[in-house]
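Before I ask anything, here is the structure I am working with.
Please treat every number below as a calculation from the coordinates, not as lab data. Just so we're clear, the structure is a prediction, and the values are computed from it rather than from any experiment. Cβ placement follows ideal geometry from the backbone for every residue including glycine, while neighbour counts extend to all protein chains displayed.
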Amino acid sequence: MMNTETIWQFRTANFRIAYEVFWDEDGETRDRLERGLLVAFVAKVAVYWNGQEVGSDYLGNCIYESAEDFRDHFGGRGSYFSDMVRNAVREARRNLNAVPKVRAA
């Protein structure tokens, strides 16, 4: 059983932005982690250019049956993995566009 708690929120006339946490009240998640049925990890998607990292995105506290399950619906709506790829590519483009262009003499 998960218990939800709103930690922070911001309201406008039409919107509410909320930071909410879900607590593992009955210990089921912890039990499944301890028995090896679930794994907890930090996911990182990175873009490399000539061996140098130029963009990345991280998501911590991922809990899945396997790390491969994290990208279970690659390309689908609501996919953390797809969002992370877009964010890393966006950052890489921004960083590479900031590099001065040098012409060969």
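Using only the Cα atoms of the range 38-100, each taken as one equal point scatterer with no solvent, compute I(q) by the Debye sum, divide by I(0), and report log10 of the ratio at q = 0.12, 0.14 Å⁻¹.
Here the Debye-derived log intensity ratios amount to -0.34, -0.45.
Once fully extended, how much extra length lies between E25 and E65, figured as 0.36 nm per residue of separation less the alpha-carbon to alpha-carbon distance?
Values: separation 40, 0.36 × 40 = 14.40 nm, distance 1.97 nm.
Extending this stretch completely gives an extra 12.4 nm.
DSSP loop (so not H, G, I, E, B), at most 11 other Cβ within 10 Å: list which trypsin sites (Lys or Arg not before Pro) in the range 1-91 pass both filters. Show your work: numbers first, answer last.
On the way: sites: R11, R16, R30, R32, R35, K44, R71, R77, R86, R90; in loops: R35, R77.
Here the trypsin sites (Lys or Arg not before Pro) that fit, given the DSSP loop and packing criteria, are R35, R77.
From the list [x] 17.1; [y] 17.6; [z] 18.3, can you say which value of Kirkwood radius over Cα pairs in Å was derived from the structure given?
Entry [x].
What's the extension gain from Q52 to N97 if we count 0.36 nm per residue and subtract their Cα-Cα distance? Show your work: numbers first, answer last.
Numbers: separation 45, 0.36 × 45 = 16.20 nm, distance 1.50 nm.
Taking Q52 through N97 to full extension adds about 14.7 nm, to one decimal.
For the range 27-44, what does the Karplus curve 6.51 cos²θ - 1.76 cosθ + 1.60, with θ = phi - 60°, yield as ³J(HN,Hα) per residue in whole Hz, taken in order and with x for Gly and Pro?
Working through the residues one at a time gives x, 4, 5, 4, 4, 5, 5, 5, 8, x, 7, 10, 10, 10, 7, 9, 8, 9 Hz.
Using only DSSP helix segments of four residues or longer, with each worth -39500 (n - 2.57), what per-residue ellipticity at 222 nm results for the chain after dividing by its residue count and rounding to 500? Could the numbers behind the result be given before it?
Details: 2 runs with 25 residues, N = 105.
Dividing the helical sum by the residues of the chain leaves -7500 deg cm²/dmol.
T4 to E34: extension gain in nm, 0.36 nm per residue of separation minus the Cα-Cα distance? All intermediate terms of the calculation are to be shown ahead of the outcome.
Working: separation 30, 0.36 × 30 = 10.80 nm, distance 2.28 nm.
That pair, T4 and E34, stretches by 8.5 nm at full extension.
Ok, one more. Apply the Karplus parameterisation 6.51 cos²θ - 1.76 cosθ + 1.60, with θ equal to phi minus 60°, to every residue of the range 14-19 and state each ³J(HN,Hα) to the nearest whole Hz, in sequence, with x for glycine and proline.
10, 10, 9, 9, 10, 9
List the residues whose amide H sits under 5 Å from the amide H of L38, counting only those 5 or more places along or on another chain, with H placed 1.01 Å from N in the peptide plane.
L33
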